[in-house]
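As structure tokens, the structure follows; a few thoughts come after it.
The values are calculated or read from the model by the stated rules, or taken from the named source; none is laboratory data. As the structure is a computational prediction, the values presented were derived from the model and not from experiment. As a convention, Cβ positions derive from the backbone with ideal geometry for all residues, glycine included, and neighbour counts pool all protein chains shown. Side chains included, ligands, DNA and RNA excluded: accessible areas come from the protein's heavy atoms. Shrake-Rupley method; radii C 1.70, N 1.55, O 1.52, S 1.80 Å.
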Amino acid sequence: MFLLLLSAFIIITMVILIISIITMKDYFSKILVVNSFGSVSIALIGILSIIFSDQTLIDVALIYALINFIVTISFLKFFNKKNFKTELFLEKE
């Protein structure tokens with residue numbers, strides 16, 4: 001019963017995050033809200049894994065967490081520099 005209430009609370013939080021993505025105008029704030037949405041989704045997948053007693057959902061949540069982290073960092077670098085070139089990939093002369 002507690003896990004179902006927790007899942008309902010997480011779904012309500014996800015709806016609030018979607019509304020905040022639509023209403024925000026700054027790109028950096030939108031990216032951070034999308035990252036928060038991903039984190040909440042990972043928590044929901046973990047709770048569903050406990051409810052359904054399915055261990056493979058934990059693996060899905062971990063992979064989704066890694067993808068969420070990589071995409072957030074790449075979007076922040078892209079919108080910060082307007083290109084994907086960083087100091088690591090530039091040729092040193």
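Quick look at the values:
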read-out: Residue among Ile22, Ile10, Ile47, Ile73 that is open to solvent by 90 Å² or more (accessible area, probe 1.4 Å) and in a helix (DSSP H, G or I); value: Ile22
read-out: The stretch 32-80: number of residues that are aromatic (Phe, Trp, Tyr) and in contact with a helix residue (DSSP H, G or I) (Cβ under 7 Å, 6 or more places away or on another chain); value: 4
read-out: The stretch 4-22 residues that are of a type in the set (Ser, Thr, Tyr), paired with ones that are part of a helix (DSSP H, G or I) (beta carbon under 6 Å, 6 or more apart); value: Ser7/Ile47; Thr13/Val40; Ser20/Val33
read-out: Any hit, the stretch 52-62, residues being open to solvent by 70 Å² or more (accessible area, probe 1.4 Å), more than 16 Å from the chain's Cα centre (by Cα) and hydrophobic (A, V, I, L, M, F, W, C); value: yes
